[in-house]
1. Collect the residues in segment 99-121 that are under 37 Å from the mean Cα position of the chain (by Cα) and not in a loop (DSSP other than H, G, I, E, B), keeping them in residue-number order.
2. Run down 70, 96 and say which single residue is modelled with pLDDT of 85 or more, at positive phi and surrounded by 10 or more Cβ atoms within 10 Å (Cβ to Cβ).
3. Testing residue 116 on (1) at pLDDT 90 or above; (2) surrounded by 11 or more Cβ atoms within 10 Å (Cβ to Cβ), one condition comes back false. Which one is that?
4. Just to be sure, is residue 4 loosely packed, with under 10 Cβ neighbours inside 10 Å, modelled with pLDDT under 60, farther than 20 Å from residue 131 by Cα and within 38 Å of the chain's Cα centre (by Cα)?
5. Name the residues in segment 74-94 that are over 12 Å from residue 59 (Cα atoms) and either within 35 Å of the chain's Cα centre (by Cα) or not in a loop (DSSP other than H, G, I, E, B) (or both), would you?
């Protein structure tokens, strides 16, 4: 009888173990996302407008200068040009020492430092008296 009881217990134990060993539900494979191409952000190119005026040297001989109006006529070769000189223009002699508007006499050789703005306005920033008139 011992054998029969043991057999019955063995059947019950093994059937319980067999029932507890159910397989888990199959898991669907997880799809890995495709690599995403990353583009660097590129700032749009913006054309910078040149705000700096073009600096130019003009050499010539004073034809005339009117201190009251600031009108300066300059001759260079066969060309003649006129400028209106502002009161704050720096005037220097050949050595770079300060000079005055009264030193701008007809026949003086001068070098003008000018700049041209975008609207084509010419501004004289310095007058250097290279050789004074006699």
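The values are calculated or read from the model by the stated rules, or taken from the named source; none is laboratory data. For clarity, every value in this text was computed on a predicted model and none was experimentally measured. Neighbour counts are summed over all protein chains in view; Cβ atoms, including those assigned to glycine, are modelled from backbone coordinates with ideal geometry.
1. Within segment 99-121, 110, 111, 112, 113, 114, 115, 116 meet the criteria.
2. Numbers: 96 fails: surrounded by 10 or more Cβ atoms within 10 Å (Cβ to Cβ).
Step by step, each of 70, 96 is checked, and only 70 is modelled with pLDDT of 85 or more, at positive phi and surrounded by 10 or more Cβ atoms within 10 Å (Cβ to Cβ).
3. Among (1) at pLDDT 90 or above; (2) surrounded by 11 or more Cβ atoms within 10 Å (Cβ to Cβ), residue 116 violates only (1).
4. Considered against the rule, which asks whether it is loosely packed, with under 10 Cβ neighbours inside 10 Å, modelled with pLDDT under 60, farther than 20 Å from residue 131 by Cα and within 38 Å of the chain's Cα centre (by Cα), residue 4 comes out as no.
5. Passing the criteria: 82, 83, 84, 85, 86, 87, 88, 89, 90, 91, 92, 93.
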